[in-house]
Amino acid sequence: MGRLGSLEVLQGLEPAAVEAQGRAARRNGVERLRESLDLLDREDRLLLKMHLEVGSSFDELARVTGTDRSTVCRRIHRIIRRLGDETYARCARDRTWFSAPELAVIRDRFVRGRSLARIARDHHLCYYRVRLIVRKARRLAGAA
């Protein structure tokens, strides 16, 4: 449902009820992110933990990492977007379709955001094999 659809659903509710639903949705989203932290590599996991659990601002994280504030903001938003993608979760649930090495490729692509070329190099696979695995994962996730 798009943004307009969400507004239509909320029109008949009291403002306090709308706010409570928004808080509950954010809380659920943060909990799902915390559960998925183990899938990330060390640097992304630390950055997201500092932002979510410690409450560090983008400015503080930029000082710690030695990068620009906008770089940290963009990186955190990309991490959150990748963790919100259900492709890896759907593929991991249906293990009959993928071997353990294929799931590792899918995790690196959809959770860690790695390029196909880097995945091929890291997993000692040809680029085209990696591309086939990723396509298979997209088809399975789209059908579910």
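The values are calculated or read from the model by the stated rules, or taken from the named source; none is laboratory data. Remember, predicted model here, so these are calculated numbers, not experimental data. No Cβ is skipped: glycine too gets one built from the backbone with ideal geometry, and neighbour counts run over all protein chains shown.
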If a residue must be assigned to a helix (DSSP H, G or I) and either assigned by TED's automatic domain parsing to the domain that holds R75 or in contact with an Asp or Glu (Cβ under 9 Å, 6 or more places away or on another chain) (or both), how many such residues does region 107-129 contain? 6
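For every residue, the table says whether it meets (1) within 19 Å of R42 (Cα to Cα); (2) surrounded by 14 or more Cβ atoms within 10 Å (Cβ to Cβ); (3) among the charged types (D, E, K, R); (4) in contact (Cβ under 8 Å) with a residue 24 or more places away in the chain.
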{"site": "R78", "(1), (2), (3), (4)": "yes, no, yes, yes"}
{"site": "E86", "(1), (2), (3), (4)": "no, no, yes, yes"}
{"site": "S115", "(1), (2), (3), (4)": "yes, no, no, no"}
{"site": "A120", "(1), (2), (3), (4)": "no, yes, no, no"}
{"site": "V130", "(1), (2), (3), (4)": "no, yes, no, yes"}
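Surrounded by 13 or more Cβ atoms within 10 Å (Cβ to Cβ), of a type in the set (G, A, S) and either within 15 Å of the chain's Cα centre (by Cα) or at pLDDT below 85 (or both): is that true of A92 in this structure?
On the way: surrounded by 13 or more Cβ atoms within 10 Å (Cβ to Cβ): yes; of a type in the set (G, A, S): yes; either within 15 Å of the chain's Cα centre (by Cα) or at pLDDT below 85 (or both): yes.
So A92 fits the description; yes.
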